[in-house]
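Read through the structure below, which is laid out as structure tokens, and then see the notes.
The values are calculated or read from the model by the stated rules, or taken from the named source; none is laboratory data. Predicted model, so just to flag it, every value in this text is computed and none were measured. Note: ideal-geometry Cβ built from the backbone for every residue, glycine included; neighbour counts use all protein chains shown.
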Amino acid sequence: MGELGTRRAGAALTGKPAGGAPPGGWDSALAAFVDYLVAELNRSPRTVRAYQADLAGLRAHAARTGRAELADLDLTVLRSWLAGQRAAGAAPATLARRASVARVFCAFAARRGHLPNDVAIRLAGVRAPRRLPRVLTAEQARALLSGPPAPAAAGGRGAGDGGDGQPSRRGRAGDPAVAAAARLRDDAVLELLYATGARVFELCGLDLTDVDAERRLLRVLGKGDRPRAVPYGIPAARALTAWLESGRPVLATPASDRALLLGIRGRRLDPRTVRRILAARLAATGGPAGVTPHGLRHAAATHLLDGGADLRSVQELLGHASMATTQIYTHVTPERLRAAFEQAHPRA
């Protein structure tokens, strides 16, 4: 992205002009920070918006304490900001993220002359608990993927509403061909989520050209616009082929463009609909409630490691920038510990 494009991106995300203001104020510092996030750190628009929301909260808190100018920001203000959120019941993970955002922003502002010094250098981090993700067992995953159609699909819509975040167009909802196509789509969605461990936004963002059917690979664009190729197995290949040959042509419209997965109205599938697809299928197969599409990602990683995959390969599959993120899946079940003991211990 060129300099002009970067400035425009920063201005669009902040609502403030990205250039022309001298260093020192909140507006110019925030605009420059967004430029930095986009152009140098290659952060996604979603991440940039999250940073902006956290910094808007910090700015409002500073103003309430009589420190409306950026130059008046200090460690006391930062600590009171986090303390107030803790008292209001903010989760430890939220506090940890906001403390991290404050440290990154203040370090940047000091380097660029928007602050006289890095006032957050002594801001202590908040340790977020590393909770084990809730995952399906292999048996539950098998039942989910081979189970009966969800009740909503039998009624003519697929498991969800209109499939693209909008109510389905009257006249299509009761069409048996549309219902059958939606079921094929739902099967492909669930098979691919579990087979590839893809994030839901990655899956919904796939285009037809991202499928390498011959090698059974998907070209996925992950966080920070980092591409990766992920394999999928024979069951997912069968579900995907059925969708492409018999399902997608039924739902496709001129608005479908290149999208791989479509909603009932023919537009690109919405992540909210994927959540409804999964919830309906779990209910229909007697699976545990509350499992999200990200839970299928957790299940894929856990089952790969249980099956003997090495941690580095799982990191590559999931698109984690850091091995530390992948290591949360290395929790040891009693069954796995018993198997390892019996295989390796001389006195087993």
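Within the range 34-53, track down each residue that is buried (at least 17 other Cβ atoms within 10 Å of the Cβ), in a helix (DSSP H, G or I) and in contact (Cβ under 8 Å) with a residue 60 or more places away in the chain. I'd like the intermediate steps shown before the answer.
Filtering the range 34-53 down to residues buried (at least 17 other Cβ atoms within 10 Å of the Cβ) leaves 34-39, 43-44, 48, 51-52.
Subset that is in a helix (DSSP H, G or I): 34-39, 48, 51-52.
Tyr36, the sole residue that qualifies.
Just wondering, is there one or more residues in the range 109-123 that are among the polar types (S, T, N, Q) and either modelled with pLDDT under 60 or surrounded by 13 or more Cβ atoms within 10 Å (Cβ to Cβ) (or both)?
Initial filter on the range 109-123 (among the polar types (S, T, N, Q)): 117.
Those still in the list that are either modelled with pLDDT under 60 or surrounded by 13 or more Cβ atoms within 10 Å (Cβ to Cβ) (or both) too: none.
No - not one qualifying residue is present in the range 109-123.
Which residues, counting only those in the range 188-213, are under 20 Å from Ala138 (Cβ atoms) and part of a loop (DSSP other than H, G, I, E, B)? Steps first, please.
Of all residues in the range 188-213, those under 20 Å from Ala138 (Cβ atoms) come to 189-198.
Gly197, Ala198 - these are the residues of the range 188-213 that are under 20 Å from Ala138 (Cβ atoms) and part of a loop (DSSP other than H, G, I, E, B).
If a residue must be modelled with pLDDT of 90 or more and under 25 Å from Ile328 (Cα atoms), how many such residues does the range 259-291 contain?
Qualifying residue count, the range 259-291: 6.
Just name the residue that is modelled with the lowest pLDDT out of those in the range 312-348 that are acidic (Asp, Glu) and over 30 Å from Val220 (Cβ atoms).
Once the filter is applied, the top-ranked residue is Glu335.
Does Arg97 satisfy being under 16 Å from Val34 (Cα atoms), outside any loop (DSSP other than H, G, I, E, B) and among the basic types (Lys, Arg)?
Details: under 16 Å from Val34 (Cα atoms): no; outside any loop (DSSP other than H, G, I, E, B): yes; among the basic types (Lys, Arg): yes.
Spelling it out, it is not the case that Arg97 is under 16 Å from Val34 (Cα atoms), outside any loop (DSSP other than H, G, I, E, B) and among the basic types (Lys, Arg).
Just name the residue that is farthest from Leu136 (Cα to Cα) out of those in the range 214-234 that are touching a helix residue (DSSP H, G or I) at 6+ places or on another chain (Cβ under 9 Å) and among the β-branched types (Val, Ile, Thr).
It comes out as Val220.
What are the residues in the range 281-326 that are within 11 Å of Leu144 (Cβ to Cβ) and assigned to a helix (DSSP H, G or I), if any? It would help to see each step written out before you state the result.
Quick first cut of the range 281-326, residues within 11 Å of Leu144 (Cβ to Cβ) only: 281-288, 291, 295-296, 299.
Within the range 281-326, Arg281, Leu282, Ala283, Ala284, Thr285, Gly295, Leu296, Ala299 meet the criteria.
Only one residue in Asp175, Asp164 is within 20 Å of the chain's Cα centre (by Cα), at pLDDT below 95 and not small (Gly, Ala, Ser), so which one is that? Don't jump to the end; show me each part of the working.
On the way: Asp175 fails: within 20 Å of the chain's Cα centre (by Cα).
Answer to the selection: Asp164.
Residue by residue, here is whether (1) at pLDDT 95 or above; (2) aromatic (Phe, Trp, Tyr); (3) surrounded by 13 or more Cβ atoms within 10 Å (Cβ to Cβ); (4) farther than 17 Å from Asn117 by Cα holds:
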site	(1), (2), (3), (4)
Leu55	yes, no, yes, yes
Leu58	yes, no, yes, yes
His61	yes, no, yes, yes
Arg67	no, no, yes, no
Leu78	yes, no, yes, no
Gln85	no, no, yes, yes
Ala88	no, no, no, yes
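Restricting the range 214-245 to residues that are aliphatic (A, V, I, L, M) and assigned to a helix (DSSP H, G or I), which is surrounded by the fewest Cβ atoms within 10 Å (Cβ to Cβ)?
Here is the first cut: in the range 214-245, the residues aliphatic (A, V, I, L, M) are 217-218, 220-221, 229-230, 234, 236-237, 239-240, 242, 244.
Adding the requirement that they be assigned to a helix (DSSP H, G or I) leaves 234, 236-237, 239-240, 242, 244.
Values: Ile234: 9, Ala236: 22, Ala237: 17, Ala239: 23, Leu240: 26, Ala242: 17, Leu244: 16.
By that ranking, first place goes to Ile234.
For the range 4-27, does any single residue satisfy the condition of being assigned to a helix (DSSP H, G or I), small (Gly, Ala, Ser), at pLDDT 90 or above and surrounded by 13 or more Cβ atoms within 10 Å (Cβ to Cβ)? Quick ask: steps written out before the conclusion?
Within the range 4-27, the subset assigned to a helix (DSSP H, G or I) is 4-14, 26-27.
Imposing the further condition that a residue be small (Gly, Ala, Ser) reduces the set to 5, 9-12.
Narrowing further to those that are at pLDDT 90 or above: none.
Checked against the condition, which is being assigned to a helix (DSSP H, G or I), small (Gly, Ala, Ser), at pLDDT 90 or above and surrounded by 13 or more Cβ atoms within 10 Å (Cβ to Cβ), the range 4-27 yields no hits at all.
Conditions first: (1) touching an Asp or Glu at 6+ places or on another chain (Cβ under 9 Å); (2) outside any helix (DSSP H, G or I). Thr273 passes all but one, so which condition is the exception?
Unmet for Thr273, out of (1) touching an Asp or Glu at 6+ places or on another chain (Cβ under 9 Å); (2) outside any helix (DSSP H, G or I): (2).
If you go through the range 199-246 one residue at a time, how many are among the polar types (S, T, N, Q) and either under 22 Å from the mean Cα position of the chain (by Cα) or closer than 18 Å to Val274 by Cα (or both)?
Number of matching residues: 1.
Can you find a residue in the range 267-282 that is assigned by TED's automatic domain parsing to the domain that holds Leu203, hydroxyl-bearing (Ser, Thr, Tyr) and under 17 Å from the mean Cα position of the chain (by Cα)?
Within the range 267-282, one or more residues are assigned by TED's automatic domain parsing to the domain that holds Leu203, hydroxyl-bearing (Ser, Thr, Tyr) and under 17 Å from the mean Cα position of the chain (by Cα).
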